[in-house]
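The values are calculated or read from the model by the stated rules, or taken from the named source; none is laboratory data. All of these numbers come straight from a predicted model, not from anything done at the bench. Cβ placement follows ideal geometry from the backbone for every residue including glycine, while neighbour counts extend to all protein chains displayed.
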């Protein structure tokens with residue numbers, strides 16, 4: 001495959017040639033430079049003088065990054081209003097730009113781009129504007145300052161998920177300025193509480209304001225492009241995600257004095273239960289999305305990894321392939337439901353036998369399996385009726401979104417036009433996104449952005465979060481083209 005450097009040069013050459021041809025076809029009052037600027041959105045992304053829509057995307061990202069939207073100290077309402085103000089200033093009518101607030105600092109923006117009235121349901125562009133906590137003492141640069149340095153934009157939210165929020169608002173304005181009339185309404189939904197809690201953002205919108213976000217389908221985070229050793233290798237589309245369910249395991253007894261120990265110890269009971277969970281592997285189950293993931297990924301690999309991918313696709317799956325992947329968390333989590341102990345709490349005094357021992361076990365359940373079934377499996381492998389199991393949260397089901405030829409074909413076509421030879425890979429997220437609330441409400445969601453990141457330098461939720469500047473504007477262009485392709 002071409003290196004990024006050579007690929008960029010090839011794309012630049014194509015756009016320059018196109019620009020010259022376009023310039024020759026226009027009247028003398030339009031310069032060749034102006035013509036090139038109108039059709040070279042990718043090459044211009046590396047220049048100091050950004051195109052107008054790129055400058056908007058940069059300005060909007062800066063504004064969002066510099067508004068703290070963490071759960072503990074932030075204000076997502078302020079961020080939502082800031083983007084609403086941008087749309088109002090661009091001429092969107094007030095009735096189509098709404099900041100919806102259930103909790104004072106948890107505001108959500110819902111904005112509508114009116115299309116032709118032909119009965120088609122809208123397209124939703126979904127992104128969340130809240131971010132995870134960021135301790136400035138742990139960062140090399142201030143997390144809530146937008147800083148451009150060494151080819152990257154730095155700041156909390158540059159990859160999760162204020163980048164997409166800023167891009168959608170900038171693309172909305174760009175489409176309006178171009179006089180675009182879509183064949184259906186386009187809705188931007190910027191949500192609060194994706195990171196901090198589920199009750200004031202997407203869940204609230206889908207249950208209390210369904211009329212405002214009801215749609216044929218939605219685009220969201222969860223996918224994105226992968227760069228490895230400097231090369232663009234794949235553009236992922238998230239079509240499903242695991243179900244999040246936390247359980248509490250607890251054992252209680254009468255305790256006693258530590259000088260008179262007994263085998264019937266609450267901590268020992270709990271330890272045995274957790275050891276059984278550790279030693280148990282849920283069965284390997286592929287669904288349409290994960291099967292497609294391994295099929296397409298195998299075409300990119302070679303050697304032992306390729307053989308393992310082909311082996312797991314067999315019916316029944318090759319035991320050697322399962323063993324191979326079981327030792328790699330990234331792949332293992334995509335093959336099966338997983339449950340893992342994450343917290344412990346036991347005892348009350350150093351010199352007393354524990355009267356209670358408690359553990360938190362977090363499960364990420366395949367979307368084709370039931371929470372009830374997983375709970376029964378835990379009870380079975382614990383094999384101790386005195387250890388109780390209770391649920392912490394009410395799981396939100398998330399049926400996989402259908403990867404139709406229409407949807408996938410458009411994504412593949414645009415990806416090929418921008419990054420020749422780069423495949424689109426369906427994927428299942430092992431984490432959770434706002435997409436699960438939309439899927440649970442019957443709205444298919446596809447996590448794809450065209451925003452490429454180095455797979456060995458993923459800083460989302462971590463320290464020193466950043467996004468490559470070139471990738472940011474390529475992602476903006478990809479989402480612009482995809483939005484238009486799905487609404488023409």
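Among what's in the stretch 368-413 and is under 24 Å from residue 482 (Cα atoms) and exposed (fewer than 12 other Cβ atoms within 10 Å of the Cβ), pick the residue that is nearest to the chain's Cα centre (by Cα). Here the answer is 404.
Restricting 109, 126, 141 to residues that are surrounded by fewer than 19 Cβ atoms within 10 Å (Cβ to Cβ), within 24 Å of residue 472 (Cβ to Cβ) and in contact (Cβ under 8 Å) with a residue 24 or more places away in the chain narrows the list to 141.
Among the strands (runs of 3 or more DSSP E) confined wholly to the stretch 416-488, which include 1 or more residues that are under 17 Å from residue 403 (Cβ atoms) and touching a helix residue (DSSP H, G or I) at 6+ places or on another chain (Cβ under 7 Å)?
Because the criterion is at least 1 residues that are under 17 Å from residue 403 (Cβ atoms) and touching a helix residue (DSSP H, G or I) at 6+ places or on another chain (Cβ under 7 Å), the strands (runs of 3 or more DSSP E) in the stretch 416-488 that meet it are 424-429, 445-447.
Of the strands (runs of 3 or more DSSP E) lying entirely inside the stretch 158-263, the ones with 3 or more residues being farther than 25 Å from residue 397 by Cβ and touching a residue at least 40 places away in the same chain (Cβ under 8 Å) are found at 224-228, 231-241, 243-252.
Please go through the stretch 239-253 and pick out each residue that is under 23 Å from residue 291 (Cβ atoms) and touching a strand residue (DSSP E or B) at 6+ places or on another chain (Cβ under 6 Å). Please lay out each step first, then the result.
So in the stretch 239-253, the residues under 23 Å from residue 291 (Cβ atoms) come out as 239-244.
Within the stretch 239-253, 239, 240, 241, 242, 243 meet the criteria.
The residue that is nearest to residue 197 (Cα to Cα), counting only those in the stretch 82-105 that are outside any helix (DSSP H, G or I), in contact with a strand residue (DSSP E or B) (Cβ under 9 Å, 6 or more places away or on another chain) and in contact (Cβ under 8 Å) with a residue 24 or more places away in the chain, is 102. Look at (1) within 30 Å of residue 346 (Cβ to Cβ); (2) modelled with pLDDT of 95 or more and you find that residue 218 fails only one, number (1).
Here is a list: 151, 119. Which entry is assigned by TED's automatic domain parsing to the domain that holds residue 211, at pLDDT below 95 and more than 21 Å from residue 188 (Cβ to Cβ)? Show your work before the answer.
Numbers: 151 fails: at pLDDT below 95.
Just one listed residue meets the conditions, 119.
Each residue in the stretch 193-224 was checked for being surrounded by fewer than 18 Cβ atoms within 10 Å (Cβ to Cβ) and under 22 Å from residue 426 (Cβ atoms), and 1 of them qualify. The lone criterion from (1) modelled with pLDDT of 95 or more; (2) part of a loop (DSSP other than H, G, I, E, B); (3) under 30 Å from residue 436 (Cβ atoms) left unmet by residue 399 is number (1). Scanning the stretch 353-367 for residues being over 13 Å from residue 431 (Cα atoms) and assigned to a strand (DSSP E or B) gives a total of 7.
Out of 233, 187, 227, 167, report the one residue that is surrounded by fewer than 19 Cβ atoms within 10 Å (Cβ to Cβ), within 19 Å of the chain's Cα centre (by Cα), closer than 25 Å to residue 403 by Cα and not assigned by TED's automatic domain parsing to the domain that holds residue 297. I'd like the intermediate steps shown before the answer.
Working: 233 fails: surrounded by fewer than 19 Cβ atoms within 10 Å (Cβ to Cβ); 187 fails: surrounded by fewer than 19 Cβ atoms within 10 Å (Cβ to Cβ); 167 fails: surrounded by fewer than 19 Cβ atoms within 10 Å (Cβ to Cβ).
The unique qualifying residue is 227.
For the stretch 283-298, the count of residues that are loosely packed, with under 13 Cβ neighbours inside 10 Å, under 28 Å from residue 389 (Cα atoms) and in contact (Cβ under 8 Å) with a residue 24 or more places away in the chain is nonzero.
Residues checked against (1) surrounded by 13 or more Cβ atoms within 10 Å (Cβ to Cβ); (2) more than 15 Å from residue 172 (Cα to Cα); (3) assigned by TED's automatic domain parsing to the domain that holds residue 467; (4) modelled with pLDDT of 50 or more:
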residue: 21; (1), (2), (3), (4): no, yes, no, no
residue: 52; (1), (2), (3), (4): no, no, yes, yes
residue: 79; (1), (2), (3), (4): yes, yes, yes, yes
residue: 96; (1), (2), (3), (4): yes, no, yes, yes
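Taken together, the criteria place residue 365 among residues that are farther than 30 Å from residue 264 by Cα, in contact (Cβ under 8 Å) with a residue 60 or more places away in the chain, in contact with a helix residue (DSSP H, G or I) (Cβ under 6 Å, 6 or more places away or on another chain) and not assigned by TED's automatic domain parsing to the domain that holds residue 425. Here residue 268 meets the list (1) within 30 Å of residue 166 (Cα to Cα); (2) out of contact with any helix residue (DSSP H, G or I) (no Cβ under 7 Å at 6 or more places or on another chain) almost entirely, failing just condition (1).
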